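Take a look at the structure below.
The values are calculated or read from the model by the stated rules, or taken from the named source; none is laboratory data. Worth saying up front: this structure is predicted, and the values here are computed from it rather than measured. Note: ideal-geometry Cβ built from the backbone for every residue, glycine included; neighbour counts use all protein chains shown. Just so you know, the surface numbers come from the protein's heavy atoms only, side chains and all, with ligands and any DNA or RNA stripped out. Shrake-Rupley method; radii C 1.70, N 1.55, O 1.52, S 1.80 Å.
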Amino acid sequence: MAQEVRGVIAPGKDEPVRVETIVVPDPGPGEAVVRIQACGVCHTDLHYKQGGISDEFPFLLGHEAAGVVESVGDGVEDVAPGDFVILNWRAVCGRCRACLRGRPWYCFDTHNAGQRMTLTDGRELSPALGIGAFAEKTLVAAGQCTKVDPDVSPAVAGLLGCGVMAGIGAALNTGNVGRGDSVAVIGCGGVGCAAVAGSNLAGAATIIAVDIDDRKLDKARSLGATHTVNSKDTDPVEAIRELTGGFGADVVIEAVGRPETYRQAFYARDLAGTVVLVGVPTPEMKLELPLLDVFGRGGSLKSSWYGDCLPSRDFPMLIDLHRQGRLDLGAFVTETIRLDEVEMAFERMHQGDVLRSVVVL
């Protein structure tokens, strides 16, 4: 029988979000209903509210979440009621050309639940990133559920569902940061700070955090940055070169998603170095670089989708590192809030006051 729960919707472009009653259907084949315990407030949710993703309003917001599986549909074998899971927005298909080549983190046919959740008047909701977790319960494809150790706090576990995984994966998976490498991270919000933490996990010798907010730079240092650069006052390219013997960093991770900062990342890397774009640009942005410089500097220019993660591999591993005290996921949680405080959390995010606000249910 369908259930009625509370959830946060974005009713229209740039309209304030609000709590509404959401109708969650019973899971169909390959689907699961998850009781949400915590969900982080991510910039992507704000982009949905602003109409920057699509115009398929109303949206059921929230996607960076952890909770407990309540029920599953026919054919679901990997998770069962009672399992503690982190939700992911790239459930791999196992059949596309990327999966068949053994590269499932590039899956080209990721999937979501086939049924739609609705408002009580029958209007269908578009769940953010196919999840919609600013709600007491949500319906997802069972492949979007990754079982992890239940002894970890849901407020920190859920962060792996998006931003923290994107940043750590940009360093470990996409950038292939190794022992002794030099790394620069441009933009030290939640994703950038996670890239700093990932570089530290990988054993990088020099980790340079770049931002225009000293509060964010202080947080980056606490997560493993060896040097910080406030690019409001200092040319970051020159500063990064100076801190790396005049050469530039082996890996530069751009966590802003703007042409200006991408150019800085491009010129701040060493010859044959790697640039990783994990910041998400908007559709109208254009990048112009001299083609001779692209050729002459060599190396790799990469984009990182969701940290090129494989949730079934990476989520349990990172939870284990957290439990061992080697990855402080709790450092990313600035505050915990209620469902009806999401609009205020967006404002604090815009002002740069938080690394992550987390809704706890």
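Points to keep in mind about this one:
- Apportionment of accessible area to carbon and sulfur, region 1-119, percent (1.4 Å): 45 percent
- Just the protein heavy atoms count here, and of the accessible area of region 129-172 at 1.4 Å, carbon and sulfur take up 54 percent.
- Rounded to the nearest 20, the Cβ-based charge dipole of region 161-270 about its Cα centre (Lys and Arg +1, Asp and Glu -1) stands at 260 debye.
- Sorted on the mean count of surrounding Cβ atoms within 10 Å across their residues, most packed first, peptides 95-107, 332-344, 146-158 read 146-158, 332-344, 95-107.
- Under the membrane-span-like helix rule (DSSP H runs whose alpha carbons stretch at least 15 Å along the helix axis, mean Kyte-Doolittle hydropathy 0.0 or higher), the chain yields 190-202.
- Peptide packing: for 12-25, 182-195, the average count of neighbouring Cβ atoms within 10 Å per residue gives the ranking 182-195, 12-25, highest mean first.
- Net charge dipole, the chain: roughly 820 debye, given to the nearest 20, about the Cα centre with Cβ charges of +1 for Lys and Arg and -1 for Asp and Glu.
- The relative contact order of the chain comes to 17 percent, based on Cα pairs under 8 Å that sit 6 or more residues apart.
- Value at 222 nm in deg cm²/dmol, rounded to 500, when DSSP H runs of n ≥ 4 in the chain each add -39,500 (n - 2.57): -7000 deg cm²/dmol
- Low-density loop cleavage sites - trypsin sites (Lys or Arg not before Pro) in region 188-238, where at most 13 other Cβ are within 10 Å (DSSP): LYS232
- Only the Cβ atoms of Lys and Arg (+1) and of Asp and Glu (-1) were treated as charged; on that basis the dipole of region 52-151 about its Cα centre amounts to roughly 540 debye.
- Summing charges over all other residues whose Cβ lies under 13 Å from the Cβ of MET285, with Lys and Arg as +1 and Asp and Glu as -1, gives -1.
- Base-10 log of normalised Debye intensity for the chain (one unit scatterer per alpha-carbon) at q = 0.09, 0.11, 0.12 Å⁻¹: -0.48, -0.72, -0.85
- In straight-distance terms, cross-link reach from LYS147 covers every one of the lysines whose alpha-carbon lies under 19 Å from its own, apart from those fewer than eight places away in the same chain; here that gives LYS137.
- Computed from backbone phi, the HN-Hα couplings of region 124-132 come to 6, 9, 9, x, 4, 6, x, 10, x Hz, rounded to whole numbers (Karplus: 6.51 cos²θ - 1.76 cosθ + 1.60, θ = phi - 60°; Gly and Pro given as x).
- Prolate/oblate/rounded label for region 173-238 (Cα gyration tensor, a/c 1.5): prolate
- What a 1.4 Å probe finds exposed on region 229-361 is 53% carbon and sulfur by accessible area, rounded to a whole percent.
- Remark: the Cα gyration tensor places region 109-215 in the prolate category, a/c being 1.5 or greater and a/b exceeding b/c.
- Per-pair calculated FRET efficiency, R0 = 41 Å: ARG323 and ASP74 via Cβ, rounded to 0.05: 0.75
- Relative packing of 33-39, 298-304, which averages over residues the other C-beta atoms within 10 Å, highest first: 33-39, 298-304
- Accessible area (Å², 1.4 Å probe, nearest 10) - HIS111: 70 Å²
- Only one residue of THR282, TYR262, PHE57 has its Cα farthest out toward the positive end of the dipole of the chain, where Lys and Arg carry +1 and Asp and Glu -1 on Cβ, and that residue is TYR262.
- Per residue value of the accessible surface for the chain (all protein chains in place, 1.4 Å probe), Å²: 43 Å²
- Residue-span extension gain [GLU347 to ASP235] - 0.36 nm each, minus C-alpha spacing: 37.4 nm
- Accessible surface of ARG258 - all protein chains present, 1.4 Å probe, nearest 10 Å²: 110 Å²
- Only protein heavy atoms count here; under a 1.4 Å probe, ASP250 has an accessible surface of about 50 Å².
- Fully extended contour minus Cα-Cα distance, from LYS13 to ASP109, at 0.36 nm per residue: 31.7 nm
- Reach of LYS302 by Cα under 24 Å, taken over lysines that are not fewer than 8 positions away in the same chain: LYS286
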